[in-house]
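Visitor: The structure follows.
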Amino acid sequence: MNANPMEEQIGRLVGNLLAGGGEIFLPGVGSLYTERQGARRLNRRTVLPPSRTVAFTSQQRGVSLVDEIARVMREAGGYENPEAEAQAVYDRWIARVHRADLLTVEGVGELKFKNFIPDEAFDLRLNPQGREPVRVRVQRRFDWPLWVGIAAIGIAAVYGGREFLLLYPEAPEAAAVTEIPAASDSFGTVEAPDALVEAPPTERSVAGVSAAQAGDAASGASVPDAAPEPETAETHPAQEQDAPTALLSGRHYVVLGVFSTEENARRAVRETEARESALRCRIYRFGGKFMVSPFSSDDAGACAQFIRVQDGRFPDMWTYTAR
């Protein structure tokens, strides 16, 4: 320890102990030790990073500086009594660096009134990242309650509008009056207007010929034998469809059910007509699904009357107005 001034050598020894996170006891003075300080928010966008500092206590903590000096002497060799010589070195050092309420550790810092102030170089050794405040980017929080409330209002508006349109359908520009037979225990054979309008010409011509033949038979007129006409197969309008038809804008439909596949819709038609032979159902495209309707009209009141008549057998029917 004679190669360098005593203050520098002891200061380096104290600095190494403190930088390594150790504690050192200065006999007759107190103990120095390092403590870690957590990060601290200065304001909304500025944070003081975590750091290490040197603290002082009057209690004995850690290894004695005299013992450390003796250890260094033993490692260097050439000392007959390292413990006694280490105590003498410490006494000379403390006499030179300790003045009243000020103790200076060369290369480490100063102890003033139990408050240790580290040198700038030693503080940088303890805190390589520095002590400058760091600006942080504040992330915007996703306000869940606000967006859930907005979604609830939107859903309520959609369903409320749908119910309003079902209760108060728009009146068509030209409403056609459709006669509906009076309610009875057994609903008579009623052909949906769609089926009557869209019946193929072959079916109407066959019906006309049949009516003419019936008239001739009633009048007793003799008709010469003629070659038999080829039989024309009369098919149900719902069965004539190769594919479901499209809805007419502004027209009102009595909805028996909406199905995800065409096969399910046709099965519903067969089951409904087997249950009530007077009904003639049709299948319409309803977005990506298939709607089964036994009746449609340009008049919403006619659809409402149809639903009332059939309420006993089919209570779940409702009216839909095509857009």
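The values are calculated or read from the model by the stated rules, or taken from the named source; none is laboratory data. Note that this is a predicted model, so its numbers are computed, not measured. Methodologically, a virtual Cβ is constructed for each residue, glycine included, from the backbone with ideal geometry; neighbour enumeration extends over all protein chains shown. With ligands, DNA and RNA removed, areas are computed over all heavy atoms of the protein, side chains included. Shrake-Rupley method; radii C 1.70, N 1.55, O 1.52, S 1.80 Å.
Visitor: Would you check the accessible area of Glu23, probe 1.4 Å, heavy atoms only, in square angstrom rounded to 10?
Guide: Per-residue accessible area (Glu23): approximately 60 Å².
Visitor: Hey, another quick one. Give me the number: length gained by fully extending Arg323 to Thr245, i.e. 0.36 nm times residue separation minus the C-alpha to C-alpha distance, one decimal in nm.
Guide: Between Arg323 and Thr245, full extension yields 26.6 nm more.
Visitor: So if R0 is 51 Å, what FRET efficiency would Arg41 and Asp91 give, r being the distance between their Cβ atoms, rounded to the nearest 0.05?
Guide: Details: r = 47 Å, r/R0 = 0.92.
With a Förster radius of 51 Å, E is 0.60.
Visitor: A further question on this structure: Under a Cβ-Cβ cut-off of 15 Å, what is the net charge of the residues other than Arg52 that fall near it, where Lys and Arg count +1 and Asp and Glu count -1?
Guide: It works out to a net charge of -1.
Visitor: Can you tally the net charge around Val292? Count Lys and Arg as +1, Asp and Glu as -1, for every other residue whose Cβ sits under 9 Å from the Cβ of Val292. Each step should come with its number before you reach the end.
Guide: On the way: positive: Arg266, Arg282; negative: none.
So the surrounding residues net to +2.
Visitor: Any chance you could run the full-extension gain for Ile150 through Arg162? It's 0.36 nm times the residue separation minus the Cα-Cα distance, nm to one decimal.
Guide: On the way: separation 12, 0.36 × 12 = 4.32 nm, distance 1.85 nm.
So the chain would gain 2.5 nm between Ile150 and Arg162.
Visitor: Apply the Karplus curve 6.51 cos²θ - 1.76 cosθ + 1.60, θ = phi - 60°, to the phi angles in the range 93-98 and return the couplings in whole Hz, x for Gly and Pro.
Guide: Taking θ as phi minus 60°, the curve returns 5, 5, 6, 8, 9, 9 Hz for the range 93-98.
Visitor: Along the charge dipole of the range 248-321, pointing to its positive end and built from +1/-1 on Cβ of Lys, Arg, Asp and Glu, which listed residue (Gly301, Gly312, Phe286) has its Cα farthest out?
Guide: Looking along the dipole axis, the top candidate is Phe286.
Visitor: For the range 146-152, in order, what is each residue's ³J(HN,Hα) by Karplus, 6.51 cos²θ - 1.76 cosθ + 1.60 with θ = phi - 60°, in whole Hz (x at glycine and Pro)?
Guide: 4, 6, 5, x, 5, 5, 5
Visitor: Net charge near Phe122, counting Lys/Arg +1 and Asp/Glu -1 over other residues with Cβ under 12 Å of its Cβ?
Guide: Numbers: positive: Arg12, Arg52, Arg125; negative: Glu106, Glu110, Asp119, Glu120, Asp123.
Taking every Cβ under 12 Å from that of Phe122, the sum is -2.
Visitor: Using alpha-carbon positions, what is the distance between the centroids of the range 1-79 and the range 267-323, in Å?
Guide: Centre-to-centre (Cα) distance: 93 Å.
Visitor: In Å, what is the Rg of the alpha-carbon atoms in the range 23-133, and how long is Dmax?
Guide: Rg then Dmax for the range 23-133, in Å: 17.2, 63.
Visitor: Using only alpha carbon pairs under 8 Å that are at least six residues apart, calculate the relative contact order of the range 1-106 and give it in whole percent. It would help to have the intermediate numbers written out before the result.
Guide: On the way: 135 pairs, mean separation 27.1, N = 106.
The value is 26 percent.
Visitor: Near the amide H of Gly257, under 5 Å away, which other amide H atoms are found, from residues 5 or more places off or on another chain, if H is placed in the peptide plane?
Guide: Amide H to amide H, under 5 Å and 5 or more residues apart or across chains, Gly257 pairs with Val292.
Visitor: Another question, if that's okay. Kindly write out, for the range 269-278 in residue order, the coupling ³J(HN,Hα) from the Karplus curve 6.51 cos²θ - 1.76 cosθ + 1.60 (θ = phi - 60°), rounded to whole Hz, with x marking Gly and Pro.
Guide: Once θ is set to phi - 60°, the couplings for the range 269-278 become 4, 5, 5, 5, 5, 6, 7, 9, 5, 6 Hz.
Visitor: Sorted by mean Cβ packing within 10 Å, highest first, what order do the peptides 43-49, 65-71 take? Don't skip to the answer; put the middle values down first.
Guide: Numbers: 43-49: 12.1, 65-71: 20.1.
For the peptides 43-49, 65-71, the packing ranking is 65-71, 43-49.
Visitor: A further question on this structure: On a full-extension model of 0.36 nm per residue, what is the gain between Glu110 and Glu75, subtracting their alpha-carbon distance, rounded to one decimal in nm? Present the calculation step by step, with values, prior to reporting the outcome.
Guide: Values: separation 35, 0.36 × 35 = 12.60 nm, distance 2.88 nm.
In short, 9.7 nm is gained.
Visitor: Sorted by mean Cβ packing within 10 Å, highest first, what order do the peptides 292-303, 86-97 take?
Guide: Numbers: 292-303: 22.7, 86-97: 16.5.
Per-residue Cβ counts within 10 Å, averaged per peptide and sorted highest first, yield 292-303, 86-97.
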